[in-house]
1. For region 149-200, which residues satisfy the criterion of being among the aliphatic types (A, V, I, L, M) and within 22 Å of the chain's Cα centre (by Cα)?
2. Output the residues belonging to region 74-117 that are without any contact (Cβ under 8 Å) to a residue 12 or more places away in the chain and of a type in the set (Asp, Glu).
3. Given the structure, is MET280 part of a strand (DSSP E or B) and not basic (Lys, Arg)?
4. Quickly run through region 159-191 and pick out the residues that are away from the ligand (no atom under 15 Å from the Cβ) and either part of a strand (DSSP E or B) or among the basic types (Lys, Arg) (or both).
5. Have a look at TYR27, TYR43, TYR57 and point out the one that is over 21 Å from the mean Cα position of the chain (by Cα) and among the hydroxyl-bearing types (Ser, Thr, Tyr).
6. For region 199-210, how many residues are crowded, with 21+ Cβ neighbours inside 10 Å and of a type in the set (Lys, Arg)?
Amino acid sequence: MSVSSLRAPAHSFTEQFVQADQLANQYGTPLLVLDIDRVRENYLALHAALPGVTLHYALKPLPHADVVRALDALGGSFDLATNGEVDVVAQCAVPASKTIHTHPVKRVADIEHALAYGCNTFVFDCANELHKFAPYNHEVELLLRLSFLNEDAAADLSKKFGVTPAQALPLLQQAHSMGIRVRGLSFHVGSQTRDPHKYVAAIEQCKEVFELARRAGLPAMNTLDIGGGFPVSYQNDNIDIDIDSYCAPIREALAQWPQTTHFIAEPGRYIVASAMVHVMSVMGQSLRGGKPWYYMDDGVYGAFSGRVYGEPAQRFYTLHQAPEQPCVLAGPTCDSIDVITEHVNMAQLQDGERVFTANMGAYTWTTSTDFNFFAKAPVISVDSALSMAQLG
Ligand SMILES: Cc1ncc(COP(=O)(O)O)c(C=O)c1O
């Protein structure tokens, strides 16, 4: 689909592609163009929609230093999961007090790496993990991760991590007996959760666990971490999800908690997905089974890796208007699974022509490989505050 054939084209959306086209003239393709202004807008919109909730940007979907610096300057906090993510925030001189480490399963060396940086809040979800904190019991504060299954999510993280509310109390008691302070509970309702009531149900069950712990005489917990999962509109690129309305039931659920509670959220996708545009070029083409196959210079081993592991599908655009026909967009490698989509309508493409994709900020660059020596698409950041583009 071409930009000009959109029924209700968003002006800035077209502008994003024109800008990406100009940058591709300079830097080549494939290319990812990261709009730092949009990162700020998304952060501020979620911040306004969740007053009283400390937003820890989860680096996982886009661990890019320019995002970290921009959010740090806005007063944002950070959610880290690996040593590499610790290193990114450390290199950006983020104060460690603004970070939490939320990977439920870590090596002892990972705990030490985060502690050396100064991050001392960690997540656990089993006794085995708890034992790793025994030597640091006076240094660390923990959150116990609960699981709430959500098959509708793009990634149902509760399959892999977290305990049921019924399993929580023995773990809280064990931590207490080891002299380890548990600050509170955390959960992740699943990435790209369309129904905010999934948060509400989880928040209510956490409240029951807080109450059970209180009745069991455990030291008071004061923190509830509602995780990430806030959704993005992928199929209607020019119609944003109204994050304020989306968060209304979540606000209502949190209002039932004591005012002294410290609320945390770990948004990843929502902050960065809409902030990145991708541009790639046609390397070659053929007619197979009567359908045009376009071999692009990026594919499922690159920025479109999400197509393999169930990420929502983005749409494709060109800058010229022409009748569209069904075609296939394939990736550049010699592998047969490297097909971006077999179900798309596009104007006829010429070799070298550019194809644009919006909403490419989350789980794209970070999960790209250089299989077959096709290099990962580099990131160019565009920031009106700096009026400067920079290679990442
Ligand atoms: C612990 C944790 N927090 C936050 C996130 C970010 O989630 P999302 O990108 O859905 O907001 C993830 C993603 O997997 C995660 O594992």
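Each value in this text was obtained by applying a stated rule to the coordinates, not by laboratory testing. Since this is a predicted model, take the numbers as computed values, not measurements. Cβ sites come from the backbone with ideal geometry, for glycine too, and all protein chains shown count toward neighbours.
1. LEU149, ALA153, ALA154, ALA155, LEU157, LEU185, VAL189, VAL200
2. ASP87, GLU112
3. Details: part of a strand (DSSP E or B): yes; not basic (Lys, Arg): yes.
Yes, satisfied.
4. ARG181, VAL182, ARG183
5. Numbers: TYR43 fails: over 21 Å from the mean Cα position of the chain (by Cα); TYR57 fails: over 21 Å from the mean Cα position of the chain (by Cα).
The match here is TYR27.
6. 0
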